[in-house]
Amino acid sequence: MAPPPPSSPTVVPPGRVRGHRPPTGLAVAGGVVALAALLPVVYLLVRAGEDGWTKVSDTLLTEGTVRLLARSLGLAAAVTLASAVIGVALAWFTVRCDLPGRRVWRVVAALPLAVPSYVGAFAYLSVFPWLTGFRGAFVVLTLLSYPYVFLPVAASLERIDPSFEEVSRSLGNNAGATFRKVTLPQLRPAIATGGLLVFLYCLSDFGAVSILRFDSFTRVIYLSYQGSFDRTPAAILGCLLLVVTLVVVSAEARTRGRARYYASGPGANRPPRVTRLGRARWWALLVPAGVAVLALGIPAVNLVRWLVDSVQADVDMARVWRAAGGSLVASGLGALVTGAAAIPVALLAARHRSRLASVVERSAYLGHALPGIVVALALVFFSARYLTSLYQRLPVLVFAYLVLFLPLAVSAVYTSAMQASPALDEVARSLGKRPLAVLRTVTAPLLAPGVAAGTALVFLTCMKELPATLLLGPTGFETLATRVWSATSIGAYGDAAVPAALLVVAAAVPTWLLSRRLGRQAAS
Amino acid sequence: MLSSRRRLLVVLALAALLTAGACGGSSDSKTLTLYSGRAEVQIQPVIDLFTKETGIKVKVRYGATPELAAQISEEGSNSPADLFFAQDAGGLGAVDDRGLFAAVPADLLAEVDSKYHADDGNWIGITGRVRVIVANSKNVPDADVPTDVFKVTDAKWKGKVGIAPTNGSFESFLTAMRVQAGDARTKQFMHDLKANDVKIYNDNALILKAVNDGEIDLGLINHYYWYQLANEIGEDKMVARNHFTLNGDPGALVNVAGVGVLKSTDHMDLATQFVSFLLGKTAQTFFADKNFEFPLSAGVQPLPSLPHLDQVQSPDIDLSKLSDLDTTLTMLREAGLL
């Protein structure tokens, strides 16, 4: 697991080393990783245009496409809005009120992230069979993704300089007005960061919308892929989804306010004021408890119910263990490869700021915006034609994991790289060590904590991944995720129980890591 | 904390282990790869019997029939598949149209009625299923159930008919309608369904359940869903009844689940052996008794409660002509049903 960062890191501002030409090896390695990350996108464009532009325009310029766009964006916007409300409310109650047991509630409030969307959706559907379509997708996705807002907002509430609010109160604003005029604007960056993650999560989610039968992009692409002899429309829609995602990401970056919310002078670093709720705090308890019951209680109760069923039913446990082995192998390889690939990217970004470095870094971060189904489609096409010896074999799936989850690993390694002073490398060089020896004896040990944390995070995220695993897995190969998927799609909940429970337990770990990471981001 | 050298060793050992795991179990000369559009429960037991009897292992890639047909087309001559078992004749026709199937040996073709294999002999039907109109017997007396499938769009069935537009069998039924009655008539039928407030379901089993519960009166499904539900909840609880249309329209289309051997296979002998096994008594009996389908060979009889295939007034359509799924899909989309 991620070791705590060194207590007194020597942070060298990137500006100090600007202009240092990166070593050729590092630049080449970074370039290769960046090209690899771009490959699926480029090939998807090629494949989509293969049948000519008429086909592209015929597929896109229909009323159906407009409705599809409206549905997908509408769902993402509604979920983002609801998540913002729930996330901010929970953060407020758990950080700034004297809620009984608020430390515990803060951990509980982050846990829904550990529930894979397909597990949550199945659980909801088995309790409320009528909860399908927009309503169902809205409820399930909101309950599972609000922690993306909650975590950064909670972290940022903890670090807001209380003097702003004190000044506001002293100028005659009441508590409500102070929250609206002073606190909320300071939370804006955190809400925007979290909201963007929720929005992207909704656009790329495949499991929940498929199970709840809401025709958003991912489901329509999958249905087209599955239900037609012609795959070009799936590729074209995949490109459209990609464009939509990129527009959202860049629009968010552009509209981010230029306002600054930090103190102009070095104020005293004090803990935030805690609002005393008096007797009302027992009523306030209903907020986190209610959300926890809806977001965690219902899936948990169902998981237990399925587990009980599975004891009675004749579950093929050998198959579950084989699937667990499949998850370990695929996710393990994915994590090792991704962790290794992150090193040159993070080193370039942290130590050798240049145009090359920023191109490499941006390509590596593209995965954040790429829906799993889009990457999977691109790689099915590419490997069927050009990588025939690797086609339907594990390396292609591992490669998909690399493209999708490289950002997680890069940001973890980057943190370590920023904390490790390049001066140490320079000293080693000046003392006569060769570059490779420096890498081995100085740089590597300094980066190790970040690489380990990134690799672990990628490993556990790969375990939950569904669409790419479904499309790219070798013939006859099963993972816990595909096992849950195929068992639940024929209603064999007993067969799905054990793999689903294993997945949820495994996913609780990256949830905890992510909560720390978002907390740190909000702090910086 | 481990020392860095020891940690390196651990990582290397892990990597070696994973690589070994990843490369292990690669194909050997006695392994077939099957792409199956049939669900696992409908076919895996038969495959297990085959492996037990012959020692030939079969790796199966399960998926939707059109998905796997498209995949084989995309793979072309590089396809890792030796055989394709499709849920309906349309999927087989689509692969055959691209010239990717090898000829099925004549002695095997001779085991089924010539209606149930490809004209060019490149694929062969293994089992049959019939499209039916399922009706709620409490709400609809038997005599009132349409005997002509085009009549389900009559005003009196407004909002009372269920279909599953994403289901391959329903799509094949429409393709058959296009073959028999033409695109214009089929377009009209789709339009009439939509205008008559047809109820959309995700699959046949849900339609049957809705008919059985009286939520709707009629549904367009395959015959065997009735038997599956009866098997599950007991025949006495079945309010729904299967009805076969009577005037040779596509409402009673007999379609097949069938298999073809890929030209690109390196295991022609083993693949032929597998096809032969599917046509044999063991497999056919399983399909008849467990899947409630119509066996097509080895003299195996369908369940006693089913009519004989010859008695079904199936439309006189060449199953090889059901491969144009994409036009059907476009029409469904234009009609607002998909």
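Only one of the numbered conditions (1) part of a loop (DSSP other than H, G, I, E, B); (2) in contact with a helix residue (DSSP H, G or I) (Cβ under 7 Å, 6 or more places away or on another chain); (3) among the polar types (S, T, N, Q) is not met by B:THR127, and that is (1). On inspection, A:ARG322 qualifies as modelled with pLDDT of 80 or more and either within 25 Å of the chain's Cα centre (by Cα) or among the basic types (Lys, Arg) (or both). A:THR475: within 14 Å of chain B (Cβ to nearest Cβ) and touching a strand residue (DSSP E or B) at 6+ places or on another chain (Cβ under 7 Å), yes or no? Yes: the conditions hold for A:THR475.
When each of A:ALA82, A:ALA70, A:ALA77, A:ALA89 is tested for being touching a residue at least 40 places away in the same chain (Cβ under 8 Å), surrounded by fewer than 20 Cβ atoms within 10 Å (Cβ to Cβ) and farther than 27 Å from A:ALA175 by Cβ, the lone residue that passes is A:ALA77. Would you check if B:GLY25 is surrounded by fewer than 24 Cβ atoms within 10 Å (Cβ to Cβ), more than 24 Å from B:VAL254 (Cα to Cα), at pLDDT 90 or above and of a type outside the set (A, V, I, L, M, F, W, C)? No, not satisfied.
Rundown of residues vs (1) more than 16 Å from A:LEU75 (Cβ to Cβ); (2) away from chain B (no Cβ under 14 Å); (3) free of Cβ contacts under 8 Å to residues at least 12 places away in the same chain, yes/no style:
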{"residue": "A:SER170", "(1), (2), (3)": "yes, yes, yes"}
{"residue": "A:ALA177", "(1), (2), (3)": "yes, yes, yes"}
{"residue": "A:VAL182", "(1), (2), (3)": "yes, yes, no"}
{"residue": "A:GLN186", "(1), (2), (3)": "yes, yes, no"}
{"residue": "A:ALA190", "(1), (2), (3)": "yes, yes, no"}
{"residue": "A:SER210", "(1), (2), (3)": "no, no, no"}
{"residue": "A:ARG219", "(1), (2), (3)": "no, no, no"}
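Could you please find all residues in segment B:98-115 being under 21 Å from B:SER314 (Cβ atoms) and either buried (at least 24 other Cβ atoms within 10 Å of the Cβ) or among the β-branched types (Val, Ile, Thr) (or both)? Across segment B:98-115, the qualifying residue is only B:VAL112.
Residue by residue, here is whether (1) within 14 Å of another protein chain (Cβ to nearest Cβ); (2) closer than 21 Å to B:GLY248 by Cα; (3) part of a loop (DSSP other than H, G, I, E, B) holds:
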residue: B:PHE286; (1), (2), (3): no, no, no
residue: B:GLY299; (1), (2), (3): no, no, yes
residue: B:LEU303; (1), (2), (3): no, no, yes
residue: B:SER314; (1), (2), (3): no, yes, yes
residue: B:THR327; (1), (2), (3): yes, no, no
residue: B:GLY336; (1), (2), (3): yes, no, yes
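Could we say that A:VAL315 is out of contact with any Ser or Thr (no Cβ under 6 Å at 6 or more places or on another chain) and part of a helix (DSSP H, G or I) here? The answer is no for A:VAL315.
Among the criteria (1) away from chain B (no Cβ under 14 Å); (2) touching a Leu at 6+ places or on another chain (Cβ under 8 Å), the one A:LEU397 does not fulfil is (1). Taking the listed residues B:ASP266, B:ASP217, the one that is touching a strand residue (DSSP E or B) at 6+ places or on another chain (Cβ under 7 Å), of a type in the set (Asp, Glu) and in contact (Cβ under 8 Å) with a residue 12 or more places away in the chain is B:ASP217, with no other qualifying. Residue count for segment A:468-505 under the criterion of being under 26 Å from B:ASN204 (Cα atoms) and not aliphatic (A, V, I, L, M): the result is 10.
Picking from residues in segment B:37-92 that are more than 10 Å from chain A (Cβ to nearest Cβ) and assigned to a strand (DSSP E or B), the one that is farthest from the chain's Cα centre (by Cα) is B:LEU83.
Just one of the listed residues (A:LEU370, A:LEU387) is at pLDDT below 90 and either within 14 Å of chain B (Cβ to nearest Cβ) or surrounded by fewer than 24 Cβ atoms within 10 Å (Cβ to Cβ) (or both), and it is A:LEU387. Taken over segment A:144-165, the criterion of being modelled with pLDDT of 85 or more and surrounded by fewer than 24 Cβ atoms within 10 Å (Cβ to Cβ) is satisfied by A:LEU157 alone. Here B:PHE150 passes the criteria (1) touching a Leu at 6+ places or on another chain (Cβ under 8 Å); (2) within 27 Å of B:THR330 (Cβ to Cβ) except the one numbered (1). For segment A:442-453, the criterion of a residue being surrounded by 23 or more Cβ atoms within 10 Å (Cβ to Cβ) and among the β-branched types (Val, Ile, Thr) is satisfied by no position.
The listed residues are B:GLY93, B:GLY125, and the only one of them that is surrounded by 17 or more Cβ atoms within 10 Å (Cβ to Cβ), over 13 Å from B:ASP217 (Cα atoms) and modelled with pLDDT under 95 turns out to be B:GLY93. Where helices (runs of 4 or more DSSP H) fall wholly inside segment B:163-266, the ranges with 1 or more residues that are within 23 Å of A:THR132 (Cα to Cα) and away from chain A (no Cβ under 14 Å) are B:183-195, B:204-212.
The values are calculated or read from the model by the stated rules, or taken from the named source; none is laboratory data. What you see is a predicted model; the values in this text were computed from it and never measured. We place every Cβ from the backbone using ideal geometry, glycine too, and count neighbours over all the protein chains shown.
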